[in-house]
Amino acid sequence: MHQFIGKSQTASEVLDPARLMALSATLAVDYDPQILPPFAHHIYFWHAEPPSKLGRDGHPAIGDFIPNLGLPRRMWAGGRLRFHAPIQVGQLAEKRTIIANVVEKTGRSGPLAFVTLRHEYTQNNILCRTEEQDIVYREEASGKPQTPTHTMAKTDQDWSVEHAFNPTLLFRYSALTFNGHRIHYDRDYARDTEGYAGLVTHGPLLAHLLMDQVLKKLGTLNKFEFRAASPLMDHEVATLCGKVDDVAQKLWIRAADGRLVMTAIAS
């Protein structure tokens, strides 16, 4: 077992209703101001560090809570959520984070490290939701344009919704989640250092939009799992898709060129 597995940290705060209303305005969604939406816990419990403790990509530097495995580039690969009880806005809540797993391996692009964080959100001593967050760490970027192999998305959805993105939306979402990752707002860095074709739309934002859509279909959420397949740029229009089966909603996001951006399943 990896030496860092089991390490934990805890944060607590009163969930400010004004911050939720700012998210509501940013996404143009009318959220209930008293109940936290399924993925809105990410606008709270900020991990704020001074500039001296940030990496060149704008994220908090590794080596404090997250182990330094010699791989500085970070991307959110996916996650799994369970919803147990409502979280009340305007009240004190607590987030406990545990390093659940660390796996080091070598892929086609070089060495990789996969870190799984388990987050437990409680209020009034009641476990309200749990989340497992998968983060992949890679070597420093070469600056060369990225040309990954893509999987094409299905087109047999039962329902679909188009969603456009722009730098303002990405900046506001970064601000609300206190996400300093420069690929989301610094176009020169995203292009010249990390090799992207534009600003990168946040994976959590895409998952959030899928959850909002499926919540309209199901009325409630018990479980949600998602996995990133390819990055989506700020200038690309995404199609959020869903297909109903007997026990769950199968979800995915398709880019305008037909490639698969994200898969998910909800119940």
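The values are calculated or read from the model by the stated rules, or taken from the named source; none is laboratory data. From a predicted model like this one, the values you see are computed outputs, not experimental measurements. Note: ideal-geometry Cβ built from the backbone for every residue, glycine included; neighbour counts use all protein chains shown.
Brief remarks on what is shown
- Check on residue 61, among the aliphatic types (A, V, I, L, M) and either within 24 Å of residue 203 (Cβ to Cβ) or modelled with pLDDT under 90 (or both): yes
- Close contacts from the stretch 33-57, counting a first residue that is assigned to a helix (DSSP H, G or I) and a second that is among the charged types (D, E, K, R), with Cβ to Cβ under 8 Å and a gap of 6+ residues or different chains, come to 41/95; 41/129; 41/131; 43/19; 53/64.
- Against the test of being among the charged types (D, E, K, R) and closer than 22 Å to residue 197 by Cβ, the options 120, 104, 140, 132 yield a single qualifying residue, 140.
- Filter result for residue 177 (of a type in the set (Val, Ile, Thr), touching a residue at least 60 places away in the same chain (Cβ under 8 Å) and within 18 Å of residue 27 (Cβ to Cβ)): yes
- Search result, residues across the stretch 44-86 that are more than 19 Å from the chain's Cα centre (by Cα), crowded, with 16+ Cβ neighbours inside 10 Å and aliphatic (A, V, I, L, M): 69, 71
- Those strands (runs of 3 or more DSSP E) of the stretch 90-168 in which at least 1 residues are in contact (Cβ under 8 Å) with a residue 40 or more places away in the chain and of a type in the set (Lys, Arg), considering only elements entirely within it, cover 92-107, 126-138.
- Test set (1) under 18 Å from residue 133 (Cα atoms); (2) surrounded by fewer than 18 Cβ atoms within 10 Å (Cβ to Cβ); (3) of a type in the set (A, V, I, L, M); (4) under 18 Å from the mean Cα position of the chain (by Cα) - residue 11 fails condition number: (4)
- Each residue in the stretch 179-193 was checked for being within 14 Å of residue 232 (Cα to Cα) and assigned to a loop (DSSP other than H, G, I, E, B), and 1 pass.
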